[in-house]
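So the structure is just underneath, and the comments pick up after that.
The values are calculated or read from the model by the stated rules, or taken from the named source; none is laboratory data. Treat the numbers as computed from the prediction; the structure is a model and nothing was measured. Positions of Cβ are backbone-derived with ideal geometry, glycine not excepted, and every protein chain shown enters the neighbour counts. The accessibility values were calculated without ligands, DNA or RNA, using every heavy atom of the protein model including side chains. Shrake-Rupley method; radii C 1.70, N 1.55, O 1.52, S 1.80 Å.
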Amino acid sequence: MRLLVLVATLGLCLAQHNPNTKPDRTSIVHLFEWRWADIAEECERFLAPNGFGGVQISPPSESITLSNPWRPWWERYQPISYKLCSRSGTEDELRDMVTRCNNVGVYIYVDAVINHMCGSSGGEGTHSSCGTYFNADKKDFPSVPYTWWDFNDGKCKTGSGNIENYNDINQVRDCRLVSLLDLALEKDYVRGKVAEFMNTLIDIGIAGFRVDACKHMWPGDLEAVYGKLKNLNTKWFPKGSKPFIYQEVIDLGGEAITAHDYYGLGRVTEFKYSAKLGTVIRKWNGEKMAYLRNWGEGWGFMPSDKALVFVDNHDNQRGHGAGGPSILTFWDPRMYKMATGFMLAHPYGVTRVMSSFRWQRHIVNGKDENDWMGPPSYSDGTTKPVPINPDSTCGDDWVCEHRWRQIKNMVIFRNVVNGQPLSNWWDNESNQVAYGRGDRGFIVFNNDDWYMDVTLNTGLPVGTYCDVISGQKEGGRCTGKQITVGGDRRARFQISNTDEDPFVAIHADSKL
Ligand code: AAO
């Protein structure tokens, strides 16, 4: 009996680490602040044809709205109720998006904010995305309903009621994160309400959750909530499929709570990956790309099968969370494309591509004064649609990194090499590196300040390949550089340090 329970628990744990994506669709894209209607279109017209596995959406739960024209993006991390009515659209629009994306094999991952409700200074009234009444002073959220009784304040021992010291585990989990009203997830009632919210989304057809602020929740409480979750909707997923769970825990080392505490429950965001990759590509602190030879666990990261990785996320790209100057974003496009290319070619972790909106950055003493700015919107505060230009880029300040040729093609590269080991590593002990993925793909970087001209073993079968960075294969022809692989699997790579993108990538499907 005990063995059976153990096997069952183990099965549950492992299941929640599986992204549930279609075979050979390996990456998720975060369409930060996009409207549901636009995501539905994007699944059909772009994501499915280009092999994206899924979309992380912004929180769909009803949130506070903070007076127009302010409307910061972060208001969505302050829930008011679990109605599925947000700045991105209505419940009907959400359902339509999930159905349409699922029907083309692109799955939806929901950003679930379950640690807290709105900030303690959120006030009283109906300034919420669905117009639902709440009273933050009284901790009264009648439409869930939650009352003062459902919050943690009694357990918190700090003077301010907020987290003051990240090295005190009890504070981090029982006090308020930046004054956000902290739910008492130890209570079965609260667990039930949270699970009900998540199960509604599962029934609609989503494939999993990014769980927000997990450091601030006890693993035992999370386990209890996850234990109440249903299996995925069998209209689209095999019977018995569990939701994919990836938990946001910022662990850069040096704190009492570690990512390790959450491995058993699902995957965990590996923030060291983002911070370190930025440092290496920027060549700060004496870092070199040659040191990436043992990238992954060799760098002290969590085991690959527990990690969710990214070059930047919606927080650290603007100095929130574990943001710092090393983080690469679309604001540094040349280095950003290299970093994203490196991530997508490398076997470590489940990869998430960021897709941002542009804002008026205003950096004063290293801090962006406009780090709050919300998505492109009309004067009444509603979010603008994402217009697609004739050249396939996006308009109206939607950056659409996922549509950049180099990034889109590397998402495809990752699918093509899926399951192949890292092979044929080469470096010049500086910032020129290359590696392959079995006999399916090969990538070469020149991040040095001089010309690169090398002949390397690619592991690929003989033939002429189209570089998917400088161009791509279109109708049997190559719009970019061509690379000739000989019968000995070797090929010559010439990459100027002044190239627009100083890297080259070829794979089995880019063979001419
Ligand atoms: C807003 C206002 C607040 C106001 C509040 C309530 O900005 O002034 O008090 O409303 O009225 C987002 C925004 C917040 C916003 C919030 C609610 O980022 O600015 O607050 O919505 O609207 C911690 C958490 C992590 C969290 C991160 C932002 O652990 O979970 O803070 N991320 C998620 C979301 C995020 C969201 C929330 C959670 C809340 O992704 O978008 O907030 O739902 C250390 C700790 C980290 C901690 C950071 C931040 O990090 O380790 O756990 O993250 O501090 O303070 C070095 C260290 C690194 C350290 C870092 C930061 O890098 O190595 O460990 O420095 O200094």
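Things to note:
- Between segment 25-66 and segment 298-374, the Cα center-to-center distance that results, in Å: 18 Å
- Once divided by 2.2 N^0.38 Å, the Cα radius of gyration of segment 169-228 becomes 1.16.
- Distance between modelled label sites at residue 498 and residue 239, nm, 7 Å Cα→Cβ extension: 6.5 nm
- Panel note: the C-alpha atoms of segment 138-296, placed on their principal axes, show extents of 55, 51, 22 Å (largest first).
- Heavy-atom SASA rank of 304, 81 (probe 1.4 Å, accessible area, largest first): 304, 81
- Each residue of segment 365-371 is assigned a 3J(HN,Hα), and the resulting list reads 6, x, 10, 7, 5, 9, 5 Hz, derived from the Karplus form 6.51 cos²θ - 1.76 cosθ + 1.60 (θ = phi - 60°), x at Gly and Pro.
- Share, in percent, of DSSP beta bridges within the chain that are antiparallel, nearest 5: 60 percent
- Centre separation in Å (Cα based) which lies between segment 397-455 and segment 214-235: 36 Å
- Proximal charge balance of residue 87 [Cβ under 9 Å; K/R count +1, D/E count -1]: +1
- Per residue, the Cα convex hull of segment 389-467 amounts to 142 Å³.
- Orientation-averaged projection of segment 332-402 equals 6.9 nm² [convex hull of Cα atoms, one quarter of hull surface area].
- Inter-site label distance for residue 157 and residue 428 at 7 Å from Cα along Cβ, in nm: 5.8 nm
- Fully extending the segment from residue 284 to residue 90, taken as 0.36 nm per residue of separation minus the present Cα-Cα distance, adds 65.3 nm.
- Cα-based helix-to-principal-axis angle, 271-282 vs the chain, degrees rounded to 10: 40 degrees
- Cα shape, segment 445-503, gyration tensor, a/c 1.5 rule: oblate
- Over segment 88-230, volume per residue of the alpha carbon convex hull, in Å³: 115 Å³
- The residues of the chain have, on average, 38 Å² of accessible surface per residue, using a 1.4 Å probe with all protein chains present.
- Inverting the pair-averaged 1/r between distinct Cα atoms of the chain gives 23.8 Å as its Kirkwood hydrodynamic radius.
- Taking only the C-alpha atoms of segment 101-148, Rg followed by Dmax gives 15.0, 45 Å.
- Placing unit charges on each Cβ (+1 for Lys and Arg, -1 for Asp and Glu) gives the chain a dipole about its Cα centre, and among 356, 180, 301 the Cα reaching farthest toward its positive end belongs to 301.
- Approximate spin-label separation residue 260-residue 392, in nm, with each point projected 7 Å along Cα-to-Cβ: 4.5 nm
- Modelled FRET efficiency - R0 35 Å, residue 203 with residue 490, Cβ distances, 0.05 increments: 0.05
- Accessible carbon and sulfur surface of the chain relative to its total accessible area, %, 1.4 Å: 50 percent
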